[in-house]
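Read the structure below first, then the notes.
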């Protein structure tokens, strides 16, 4: 008797539990139809952690902010994070792990690093995922006819080196004064370090400038022999293409050791963050650095996120003083482009209030038109350079701003500068992309 | 600047860089002497120690107190390692011990980042990383005060450790344990105490090395890679020799700098990352025990 009662009780409890599970799952399922999933392939530990925590922290903060304000036309955003440690192999692993979440496929992937981008770039078309290289990655992917799924919305390294050389020329009093000058390109010994060389060599040849290439083996904590070579070469300028705050800060301390003026030293965007400058102390003062997203809290969107997301205790940064820092603002810029692309995709495909597919998202991303007015509306006017994309033109903002470290913070010293000869860089890109297409049997799509 | 003077500066830079490598290598030697184990976690210990030191200073502790607290922390790490890792594996093979230290490296890396965060910190030791003005003006050589300080610290550490191992009971006990742990235990040498002291000493050496490297390059995760720089130093100097760590460091420093400056440009540069390993391979072929290591004789 008691056994039967026990069985009956167990069945009753089971029924109640099942009912609870089903009722809980139903709204979840309904909500799942109105969500859009974004993968976060972050790098929060390891030598590039400062970069990853800031950049991906901002992306999560922005997704949270959008959700707190009703989502994208009612579509709530979901995300899942995977740690890559800025390692190409782990990036591929994360790509596979993040590919699908709650039955929804990812529509965009952001590796925040050239090695990771190269590791996954050939899968994009087949998987129908946008590779949003926000200021890094394969440069000739700026040719959308060959690389429909890859974008360089925040500029690329060839434009960046061209802007650097423009800045040097302006400091020297014009391009005509660059003849006979010597530039050392000191770079990490990797694909990322060598990425700008084709454009740099082409401009140097045209201007009559001598380029000396000096490689630094990773992780770059030891650079004495490289800077001794700089001392012997006596260059007029040094372009520093480092990765990780260890290498970047060591570059400045070594420059100080040989008495090389920091006012002649220009850092790449991936060495242009506060975290790269602080460890070098006084040695960093005067160093120039390029920006594709300016730091600061003066931008209304930054203030709104701080107030709303961090005010609610939902912020992603452990150290809130990093809100508005270079990497955080850069991550914010990248995430804003995702959401703008999602809005475009919904409108273009009559799916307002619905999730979109990879192909639809790609079309939405390609339709980005970030005019100064639109950037102001979004609350990031002046933080990033205005740009638009098209079928063939996947390089967004072709302009960079120069900053200088004053010992405590970055000071913007130029407006957004494009290369002196953007067409020449574009020709280099199209030639390189065409060569890749020919070698790999790719028929470029018709963008006319 | 004459070419001879430049060459001299390259050699000098190599020697000073070499002493920095030696500081890291010393920690390896201490543990190898006691247990014939290559402590793969030494780089992580450097990172853990200096990150904790800076973390304590951020909590408001003054420099000296933060140093003392970190020393005690490293002793605690040594104790925990002895109790949780070494003791259970005492009779296992050297390969097992190596794998255990690899695991320990990941634990220490993760623990340090979890507790203190991942932000890069600046460490100011009050020693400028700028050329010494008198040397620059009178000799035309750019020698950093921090590098010279590192050389002095390395020399002092070597003298202290050499005296410790040669003239104290602990040193005698350690040599006995290294030769034959079973025999040492049978005559009453406290194995656990010896191991605890050695790991603690390695932890303190890691702290000193981390402070000097952290002052140069910032306190950050990349410091764990210093272990890879110490490996060729140990192969050349000998895994069990304290003077060998210094001589090996000097050789590696000078060779990598001169090769990078004079040969590197023909190979596209960046050869100092792998050139020391090539040299180490030659040493392994010629003198596997290293310049100062004990000759390994095995019965077959």
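The values are calculated or read from the model by the stated rules, or taken from the named source; none is laboratory data. Everything numeric in this text was worked out from a predicted model, so none of it was measured. Cβ coordinates were reconstructed from backbone atoms using ideal geometry, including for glycine residues, and neighbour counts include every protein chain displayed.
Some notes on this structure:
- Within the stretch A:207-239, considering residues that are in contact (Cβ under 8 Å) with a residue 60 or more places away in the chain and not in a loop (DSSP other than H, G, I, E, B), the one nearest to the chain's Cα centre (by Cα): A:239
- Residue match in the stretch B:279-296 (condition: closer than 22 Å to residue B:102 by Cα and surrounded by fewer than 24 Cβ atoms within 10 Å (Cβ to Cβ)): yes
- Residue check for residue B:7: within 11 Å of another protein chain (Cβ to nearest Cβ) and surrounded by fewer than 20 Cβ atoms within 10 Å (Cβ to Cβ): yes
- Per the conditions (1) within 14 Å of chain A (Cβ to nearest Cβ); (2) more than 30 Å from residue A:253 (Cα to Cα), the sole criterion not satisfied by residue B:92 is (1).
- Any chance residue B:157 is buried (at least 18 other Cβ atoms within 10 Å of the Cβ), within 14 Å of chain A (Cβ to nearest Cβ) and assigned to a helix (DSSP H, G or I): no
- Single unsatisfied condition, residue A:80 versus (1) within 22 Å of residue A:154 (Cα to Cα); (2) touching a strand residue (DSSP E or B) at 6+ places or on another chain (Cβ under 8 Å): (1)
- Some residue of the stretch B:227-237 being in a helix (DSSP H, G or I), under 22 Å from residue A:257 (Cβ atoms) and over 10 Å from the mean Cα position of the chain (by Cα): no
- Verdict on residue A:175 being touching a strand residue (DSSP E or B) at 6+ places or on another chain (Cβ under 7 Å) and either modelled with pLDDT of 95 or more or within 14 Å of another protein chain (Cβ to nearest Cβ) (or both): no
- Residue within the stretch A:222-231 that is surrounded by fewer than 24 Cβ atoms within 10 Å (Cβ to Cβ) and either closer than 21 Å to residue A:134 by Cα or more than 14 Å from chain B (Cβ to nearest Cβ) (or both) present: no
- From the options B:73, B:86, B:104, residue that is within 19 Å of the chain's Cα centre (by Cα), more than 14 Å from every other protein chain (Cβ to nearest Cβ), over 22 Å from residue A:43 (Cα atoms) and in contact (Cβ under 8 Å) with a residue 12 or more places away in the chain: B:73
- Looking only at residues in the stretch A:179-200 that are away from chain B (no Cβ under 14 Å) and either within 20 Å of residue A:115 (Cα to Cα) or free of Cβ contacts under 8 Å to residues at least 24 places away in the same chain (or both), the one that is surrounded by the fewest Cβ atoms within 10 Å (Cβ to Cβ) is A:198.
- For residue A:317, the criteria (1) touching a residue at least 12 places away in the same chain (Cβ under 8 Å); (2) assigned to a helix (DSSP H, G or I); (3) within 14 Å of chain B (Cβ to nearest Cβ) hold in every case but one, which is (2).
- Checking the stretch B:133-142 against the condition returns no match, with no residue being under 20 Å from the mean Cα position of the chain (by Cα) and either within 28 Å of residue B:279 (Cα to Cα) or surrounded by fewer than 18 Cβ atoms within 10 Å (Cβ to Cβ) (or both).
This table checks each residue for (1) under 13 Å from the mean Cα position of the chain (by Cα); (2) surrounded by 18 or more Cβ atoms within 10 Å (Cβ to Cβ); (3) closer than 17 Å to residue A:337 by Cα.
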| residue | (1), (2), (3) |
| --- | --- |
| A:94 | no, yes, no |
| A:103 | no, no, no |
| A:109 | yes, yes, yes |
| A:121 | no, yes, no |
| A:124 | no, yes, no |
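- Looking across B:210, B:269, one residue alone is within 14 Å of chain A (Cβ to nearest Cβ) and not in a helix (DSSP H, G or I). It is B:269.
- Contacts under 8 angstrom Cβ, first residue in the stretch B:119-140 being more than 7 Å from chain A (Cβ to nearest Cβ), partner in a loop (DSSP other than H, G, I, E, B) and surrounded by fewer than 16 Cβ atoms within 10 Å (Cβ to Cβ), 6 or more apart: B:136/A:259; B:140/B:1
- Any pair with Cβ under 7 angstrom, 6 or more apart, that starts in the stretch A:411-422 at a residue that is loosely packed, with under 15 Cβ neighbours inside 10 Å and ends at one that is at pLDDT 95 or above: A:411/A:403; A:411/A:404; A:413/A:402; A:413/A:403; A:413/A:404; A:415/A:401
- Qualifying residue in the stretch A:372-385 (condition: assigned to a loop (DSSP other than H, G, I, E, B), assigned by TED's automatic domain parsing to the domain that holds residue A:149, at pLDDT 95 or above and more than 20 Å from residue A:155 (Cα to Cα)): yes
- Residues of the stretch A:247-261 satisfying the condition of being in a helix (DSSP H, G or I) and at the interface with another protein chain (Cβ under 8 Å from one of its Cβ atoms): A:247, A:249, A:250, A:253, A:256, A:257
- Filtered residue count, the stretch A:75-101, keeping only those that are in a loop (DSSP other than H, G, I, E, B) and either at pLDDT 95 or above or touching a helix residue (DSSP H, G or I) at 6+ places or on another chain (Cβ under 6 Å) (or both): 2
- Among the numbered conditions (1) within 21 Å of residue B:129 (Cβ to Cβ); (2) within 11 Å of the chain's Cα centre (by Cα); (3) surrounded by fewer than 24 Cβ atoms within 10 Å (Cβ to Cβ), the only one that residue B:209 does not meet is (3).
- Of the numbered criteria (1) more than 26 Å from residue B:119 (Cα to Cα); (2) buried (at least 23 other Cβ atoms within 10 Å of the Cβ); (3) modelled with pLDDT under 95, the one residue A:36 fails is (3).
- Identity of the residue in the stretch B:182-196, assigned to a helix (DSSP H, G or I) and out of contact with any helix residue (DSSP H, G or I) (no Cβ under 6 Å at 6 or more places or on another chain), that ends up modelled with the lowest pLDDT: B:182
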